[in-house]
Every structure is written in structure tokens, then in C-alpha cells.
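Reading through the C-alpha cells given below for one structure.
The values are calculated or read from the model by the stated rules, or taken from the named source; none is laboratory data. Treat the numbers as computed from the prediction; the structure is a model and nothing was measured. Neighbour counts run over all protein chains shown; Cβ positions are idealised from the backbone, glycine included.
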Amino acid sequence: MENMIEVRSVNKTFGKKGSVKTQVLNGAELTVQKGEFVSLMGASGSGKSTLLYLIGGLDRDFTGDIRLCGKSISKMKEKELSKIRLGKIGFIFQFYNLVQNLNVEDNILLPSLVAGRSRASLKKELDEILEITGLTEKRKFMPSKLSGGQQQRVAIARAIISNPEIILADEATGNLDSKSGAEIMELFRRINQEKGITILQVTHSQKCAMYGTRTVVLENGRTVNVDADMHVSGGNSGYGSGSGDAAASIKSMREKIMNMNLASAGARS
Ligand SMILES: Nc1ncnc2c1ncn2[C@@H]1O[C@H](COP(=O)(O)OP(=O)(O)OP(=O)(O)O)[C@@H](O)[C@H]1O
Ligand SMILES: [Mg+2]
């Protein structure tokens with residue numbers, strides 16, 4: 001299997017020299033293979049967004065190695081990284097980031113137009129994506145005339161129209177009611193299965209996490225893999241060797257995951 005995302009021994013510290021420093025990531029490890037749909041969970045402030053930004057090349061100030069499609073981003077020039085960001089990665093941010101004075105269509109097309117595509121060449125794809133995201137009727141609306149869920153769908157349409165290989169989503173359903181959230185998750189599942197797009201989503205919701213094929217939990221700056229049969233395996237050696245604290249947190253995380261699997265199994269049957 002091809003590795004789409006590889007995070008190796010990544011450390012990230014915020015704070016300038018001389019000021020208070022916050023070490024957010026401390027030896028983080030993560031591998032996402034082509035076609036996977038991985039959910040990244042963890043407490044508020046545990047570094048989920050930070051990790052997503054590093055993977056997307058939006059913040060290059062870290063130590064360790066991050067590879068996208070086998071290529072180390074630390075070694076890329078800014079121009080090469082921008083090209084990958086535009087061509088291969090679709091970002092979905094928590095607060096939509098729509099351009100308020102552009103209508104739905106233009107918001108969706110903007111990154112592709114910036115990347116040099118012509119409006120005419122995008123027409124077919126645009127119609128298809130509006131259909132998939134249920135926005136056909138709203139195509140001429142301004143963002144301020146849309147509900148939160150509809151705005152989120154515009155952000156998703158914008159991320160998928162360029163046919164990215166990877167979607168990085170930060171709390172895509174964070175501001176939505178559970179019905180709209182479930183619709184977005186169904187949409188993710190479809191684009192993952194039908195278009196084969198690899199997805200890495202940050203979520204606080206166990207229900208949303210269950211739409212993915214695998215869950216990874218970020219804790220104390222490190223990742224803990226939670227595989228399908230609910231065993232928790234150390235993302236790196238720090239956990240395997242098990243200090244009391246780590247062992248206890250793995251136990252509590254395993255219980256949480258057990259509960260979420262049961263809850264989801266109930267919801268699906
Ligand atoms: N630009 C910054 N400068 C200083 N500290 C920062 C900066 N960005 C994030 N942090 C700190 O890094 C830590 C991780 O933040 P991050 O946004 O990655 O958390 P998160 O896991 O996404 O949380 P949430 O679930 O609340 O979105 C926090 O303690 C935060 O205060
Ligand atoms: Mg966050």
C-alpha cells in the first residue's frame with residue numbers, strides 16, 4: 001500500500017526564544033495509507049489542528065519528518081509545496097473560510113481558478129459537485145444567505161472539486177446539528193469510497209469518528225493508534241514501555257473507544 005501521509009518523530013513548540021514555550025507535539029507518529037479515512041481525536045488543546053496544519057504544509061516550523069506521497073515536505077521549496085497544496089490537498093477548516101462577497105459557485109471555483117483552470121473547463125465538475133453536495137438550488141446564493149450546514153457543504157465542495165488525493169478536515173461538523181453532521185459524514189464516506197480520496201479528519205465526535213476506517217488519538221503530544229478490533233497499540237515507543245500515566249490513559253481511552261463502538265453499533269442496527 002502506498003503511504004499518502006507519513007509523520008515521523010515530529011516535535012512542535014510554540015513560543016519565541018525567551019518567552020514561555022508550549023511543546024504541543026512530542027514525537028508524534030502517523031501513517032495514513034492511500035484510500036484510508038482516518039479520524040484524529042484528542043482533548044481540546046492536544047494539538048490536532050497543529051498537526052493538521054503541519055501535514056498540510058501551512059506551518060513549516062517543526063522538527064522531525066513529514067512526507068506527503070513519499071516526499072519530505074521539509075525538503076521542498078515553497079513553490080513546490082504550494083503546488084502540492086493546490087493540486088493534491090483539499091482543506092476543510094472549522095470555520096468554513098468562505099469569501100463573503102462571492103456566491104456559492106465562485107467560492108467553490110476560486111482555488112481552481114487561482115491554480116490556472118478556466119471556468120469553462122470546470123463547468124461539468126461544478127455541476128456534479130453541486131449535485132453531490134446538494135447545493136444545486138443554492139448555486140447563486142451568497143454565503144450570508146446560507147445555513148451553517150450549507151456553508152460547510154460549500155467548503156467541502158471547494159475542497160473536492162480539484163479532485164485532491166487527500167482531504168484534511170478540521171472539525172468539519174463542529175458547528176452543525178447532528179442531522180447535518182451525519183449528512184456531511186455520509187458525504188465524506190462517499191467521496192472516500194467512490195472517488196478513493198484519502199481523508200484525515202479531526203473530530204471531537206465519536207459518532208463522526210466511526211464513519212472513518214480507523215481512529216488515532218493525540219495525547220501528550222503523541223499519537224495512539226486505535227485499530228479496528230479495539231486494541232490500543234502504541235504509536236511510538238513512549239507508550240509501549242508504559243509509564244503508569246500512559247498505561248492509565250490508554251486504559252481510559254480504550255474504555256471510551258469501546259463505548260463509542262457500542263453506541264455506533266446500536267445506531268447502525
Ligand atoms: N500560534 C500559536 N501560538 C502559541 N500557542 C499556540 C498557537 N497555536 C496553538 N497553540 C497552542 O497549542 C496547543 C494545541 O493547539 P491546537 O489548536 O492544535 O489544539 P486542538 O487539539 O486543535 O484543540 P481544539 O480541539 O480545541 O481545536 C494549545 O495549547 C494552543 O494554545
Ligand atoms: Mg483545533
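Screening THR22 with (1) near ligand 1 (Cβ under 9 Å from one of its atoms); (2) at pLDDT 95 or above gives one miss only, at (2).
Are any residues in segment 145-164 small (Gly, Ala, Ser) and within 14 Å of the chain's Cα centre (by Cα), and if so, which ones?
Kept after step one, since they are small (Gly, Ala, Ser), are these residues of segment 145-164: 147-149, 155, 157, 159, 162.
Listed by number, the residues that qualify are ALA155, ALA159.
GLU131 meets the conditions (1) part of a helix (DSSP H, G or I); (2) buried (at least 16 other Cβ atoms within 10 Å of the Cβ) in every case but one. The failed one is (2). Give just the number: which of (1) within 10 Å of ligand 1 (Cβ to nearest atom); (2) of a type in the set (A, V, I, L, M, F, W, C); (3) at pLDDT 95 or above does ALA43 not satisfy? Single failed check for ALA43: (3).
Taking the stated definitions as given, is SER112 touching a residue at least 40 places away in the same chain (Cβ under 8 Å), buried (at least 19 other Cβ atoms within 10 Å of the Cβ) and either part of a loop (DSSP other than H, G, I, E, B) or away from ligand 2 (no atom under 16 Å from the Cβ) (or both)? Taking the combined requirement at face value, the residue satisfies it. Just one of the listed residues (GLN33, GLN94) is away from ligand 1 (no atom under 16 Å from the Cβ) and within 20 Å of the chain's Cα centre (by Cα), and it is GLN33. Of all residues in segment 19-53, those satisfying the criterion of being away from ligand 2 (no atom under 13 Å from the Cβ), more than 27 Å from GLU194 (Cβ to Cβ) and outside any strand (DSSP E or B) are SER19, VAL20, LYS21.
Results for (1) away from ligand 1 (no atom under 16 Å from the Cβ); (2) surrounded by fewer than 17 Cβ atoms within 10 Å (Cβ to Cβ), shown as yes or no for each residue.
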{"residue": "GLY149", "(1), (2)": "yes, no"}
{"residue": "ARG158", "(1), (2)": "yes, no"}
{"residue": "THR173", "(1), (2)": "no, no"}
{"residue": "ASP177", "(1), (2)": "yes, yes"}
{"residue": "GLN206", "(1), (2)": "no, no"}
{"residue": "ASN225", "(1), (2)": "yes, no"}
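Collect the residues in segment 132-166 that are closer than 27 Å to VAL38 by Cβ and charged (D, E, K, R), keeping them in residue-number order.
If we filter segment 132-166 for residues that are closer than 27 Å to VAL38 by Cβ, which is where we start, we get 132-135, 148-166.
Scanning segment 132-166 gives ARG153, ARG158, GLU165.
Suppose we keep only residues that are surrounded by fewer than 16 Cβ atoms within 10 Å (Cβ to Cβ), free of Cβ contacts under 8 Å to residues at least 40 places away in the same chain and assigned to a loop (DSSP other than H, G, I, E, B) within segment 60-87. Which one would you say is nearest to ligand 1 (Cβ to nearest atom)? Of everything passing the filter in segment 60-87, ARG60 is nearest to ligand 1 (Cβ to nearest atom). If only residues of segment 187-197 that are surrounded by fewer than 17 Cβ atoms within 10 Å (Cβ to Cβ) and at pLDDT below 90 are counted, the one that is nearest to ILE84 (Cα to Cα) is LYS195. Is there a residue in segment 204-213 that is closer than 18 Å to SER112 by Cβ and either of a type in the set (Ser, Thr, Tyr) or touching a strand residue (DSSP E or B) at 6+ places or on another chain (Cβ under 8 Å) (or both)? The answer is no, given that none of the residues of segment 204-213 is closer than 18 Å to SER112 by Cβ and either of a type in the set (Ser, Thr, Tyr) or touching a strand residue (DSSP E or B) at 6+ places or on another chain (Cβ under 8 Å) (or both). Condition check for GLU137 on (1) part of a helix (DSSP H, G or I); (2) modelled with pLDDT under 95: one failure, at (2).
If you filter segment 165-186 down to residues that are away from ligand 2 (no atom under 16 Å from the Cβ) and within 14 Å of the chain's Cα centre (by Cα), you find that the one that is modelled with the lowest pLDDT is ILE184.
Return the total of residues in segment 162-187 being of a type in the set (A, V, I, L, M), touching a residue at least 60 places away in the same chain (Cβ under 8 Å), in contact with a Gly (Cβ under 6 Å, 6 or more places away or on another chain) and assigned to a loop (DSSP other than H, G, I, E, B).
First pass over segment 162-187, keeping only residues of a type in the set (A, V, I, L, M): 166-169, 172, 176, 182, 184-185, 187.
Add one more test, that the residue is touching a residue at least 60 places away in the same chain (Cβ under 8 Å), and what stays is 166-169, 172.
Add one more test, that the residue is in contact with a Gly (Cβ under 6 Å, 6 or more places away or on another chain), and what stays is 167-168.
Going one step further and asking which of them are assigned to a loop (DSSP other than H, G, I, E, B), we end up with none.
Number satisfying all stated conditions: 0.
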